[in-house]
Amino acid sequence: MDHENLPYRRVSPRLIPLRQINNAIGFGIFFLILVVPLLVVHFAAPLFFTNGAAYLLYLLPAGVLVWGIVLACIIPRQVRAMGYLENQDDLVLRRGILFRHQVAVPYGRIQYVDIHQGPLQRAFGVTQISITTAGGGTASNFEGLPMAEAERLRDELTQRGYARLAELAES
């Protein structure tokens, strides 16, 4: 089935600032880990930097900073590309811009559905949902749903999973 032109439900746009904060924290820590030792050496042993080539060491933290800024600019588009579609037989989860990722989770294989919400997610009013399928594998983690929608989806998936299981038992 071609899922490309179907009406996917989108995640909450409140996921954008949450991801940007996580991005800033991660890249900020990495940047500081790289730049602080350079600054300490620069001021503690200035003779080391008399050679102009030593200044090339600053390119690594500068590259990390640029990469973090590029990712911060890409995050809104990534979030807009995320979506889910409730079909008759399965739940289709979609994400990705350049490298698209779609997973179809058959309702009959769903074992349980978890909702996770950390402190930052709670502050932004979004959750993460984890769907575990038969065989013990997690089919997918999907973030950015408002709590009410995550609870509705959890209840709906659980109900459809039980219905599919009952159909198989009757066969």
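The values are calculated or read from the model by the stated rules, or taken from the named source; none is laboratory data. Just so it is clear, the structure is predicted and the values come from calculations on it, not from any experiment. Note that we place each Cβ from the backbone using ideal geometry, even for glycine, and neighbour counts take in every protein chain shown. Surface areas here come from the heavy atoms of the whole protein model, side chains and all, with no ligands, DNA or RNA. Shrake-Rupley method; radii C 1.70, N 1.55, O 1.52, S 1.80 Å.
See the values below:
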read-out: Near pairs, Cβ below 7 angstrom, 6+ apart or cross-chain, from the range 141-164 (farther than 22 Å from Ile16 by Cα) to any residue that is hydroxyl-bearing (Ser, Thr, Tyr) and open to solvent by less than 50 Å² (accessible area, probe 1.4 Å); value: Leu157/Tyr107; Arg160/Tyr107; Gly161/Tyr107; Arg164/Tyr107
read-out: Condition met for Asn87 (touching a residue at least 24 places away in the same chain (Cβ under 8 Å), out of contact with any Leu (no Cβ under 7 Å at 6 or more places or on another chain) and of a type in the set (S, T, N, Q)); value: yes
read-out: Qualifying residue in the range 88-107 (condition: among the hydroxyl-bearing types (Ser, Thr, Tyr) and touching an Asp or Glu at 6+ places or on another chain (Cβ under 7 Å)); value: yes
read-out: Residues within the range 6-55 that are in contact (Cβ under 8 Å) with a residue 60 or more places away in the chain and surrounded by 11 or more Cβ atoms within 10 Å (Cβ to Cβ), tallied; value: 15
read-out: Strands (runs of 3 or more DSSP E) contained entirely in the range 79-171, each with at least 3 residues that are among the charged types (D, E, K, R); value: 90-95
read-out: Residue count, the range 98-147 (criterion: among the polar types (S, T, N, Q) and touching a Lys or Arg at 6+ places or on another chain (Cβ under 8 Å)); value: 2
